[in-house]
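What follows is a set of notes on a single structure, which appears directly below.
The values are calculated or read from the model by the stated rules, or taken from the named source; none is laboratory data. Please read these numbers as outputs of a predicted model, since none were measured by experiment. Methodologically, a virtual Cβ is constructed for each residue, glycine included, from the backbone with ideal geometry; neighbour enumeration extends over all protein chains shown.
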Amino acid sequence: MSTVKNHWKPGPRLRKPAKLMEPITDPAGWYPEELNSDEWIYRLSEEEIAEILDAVRVVEAQGVELKDITAEHFPLPSLGERLVDIRNEVMEGRGFALIRGLPVQDRSRFQNAVAFLGIGAHVGTAMCQNKDGHLLGHVKNLGGDYAKVRGYMTQSAMDFHCDSADILSLCCLNPAKSGGEHRICSSVTLYNKMLKKRPDLVKELTARFYQVRKGDIPPGETEPWERIPIFSVTDGYFAARGISAHMAKAQKVPGVPKYTEVQESAIRMYKETAPKIAIDIDFEQGDISYVSNHVMLHSRTDFDDFDEPERKRHLLRLWLSTGMRPVHPDIARMLRGVPVEGEEDPTPLDVF
């Protein structure tokens, strides 16, 4: 029998139909001091780890390609039910969860990718993350300039933002030498705090803002930007988007109107408030996180890497679709993943 003590449990599910420009009551509207890490960290038991490793062996023996892995290919008789609970907690509860205890050391990159994709298949459907059609992404410092490339290719701190999927999932293969904390804050709490102090600035953030498309422009389209509301309500469900570097970069695109003074004040208050209500998660090797992109914002502190290539900070990444929450049409358009024409290798085992 396993000796691992797992105190994970869902949070309260108190929700009222949301109305824009009114306070939001949502299970994801938490403050850091209200959270108990024993309740949002799911610690794998020895039996559950054995299920995962057995499922990896099944995939290897059957020769299933990484891109084709489904929950049916990756049977988890006991853990599978818990993963459904975790998915529901992310989409309908506190908005995030962490699974701890997956053994990744001394296992091949392929085996770790199989485990991550197989577990994720019980939570949602993997979607393309970039113009190269990648279902499996890699967060790794390539020495890039954050002003020119996407932040996950650098070691820089990142603004609070959202990804273009229902759920962002990360699996830590190697943590950083120092720094690189995974930061999460509740966008529900952010909205409510701003509404209480400056409803006029909240109103500004309900407008449709421009942001660059990160170079991932769908086939047949030419505009280098897209427009989304920062705060929105759809069918009684609140959603927020991040004010990230992609919005700042859009200000340099010809034809995009410059911010007004009031918009700049709203953006400044948003950016100043988010870090004050955030929690920092120190990733351990083998941790898997799940974060809702509709009611959570995430970022990362800057970090220092090890010199040895095999020890450098390296996270696997999935964008997962669940279709469980109604969102604004502009946001729904972004949640289809990144359309691509053909694909070379949708599940690369490293970033090059």
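The residues on offer are 240, 278, and the sole one that is at pLDDT 95 or above and over 19 Å from residue 165 (Cβ atoms) is 278.
A quick yes/no check of all residues on (1) assigned to a loop (DSSP other than H, G, I, E, B); (2) modelled with pLDDT of 95 or more:
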residue: 184; (1), (2): no, yes
residue: 188; (1), (2): no, yes
residue: 192; (1), (2): no, yes
residue: 196; (1), (2): no, yes
residue: 200; (1), (2): no, yes
residue: 214; (1), (2): yes, no
residue: 218; (1), (2): yes, no
residue: 228; (1), (2): no, no
residue: 232; (1), (2): no, yes
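Within region 97-145, the only residue that satisfies the criterion of being under 22 Å from residue 82 (Cα atoms) and among the basic types (Lys, Arg) is 100. Screening residue 263 with (1) assigned to a strand (DSSP E or B); (2) touching an Asp or Glu at 6+ places or on another chain (Cβ under 7 Å); (3) not aliphatic (A, V, I, L, M) gives one miss only, at (1). Listed by position, the helices (runs of 4 or more DSSP H) inside region 34-108 whose residues that are surrounded by fewer than 16 Cβ atoms within 10 Å (Cβ to Cβ) and without any contact (Cβ under 8 Å) to a residue 60 or more places away in the chain number at least 3 are 37-40, 46-62. Which residues, taken from region 294-336, are under 24 Å from residue 114 (Cα atoms) and not aliphatic (A, V, I, L, M)? Result: 309, 310, 311, 312, 313, 314, 317, 319, 321, 322, 323, 336. Based on this model, can you work out whether residue 337 counts as at pLDDT below 95 and surrounded by fewer than 17 Cβ atoms within 10 Å (Cβ to Cβ)? No. When residue 177 is tested against (1) among the charged types (D, E, K, R); (2) surrounded by 18 or more Cβ atoms within 10 Å (Cβ to Cβ); (3) in contact with a helix residue (DSSP H, G or I) (Cβ under 9 Å, 6 or more places away or on another chain); (4) closer than 30 Å to residue 312 by Cβ, just one condition goes unmet, and that condition is (2).
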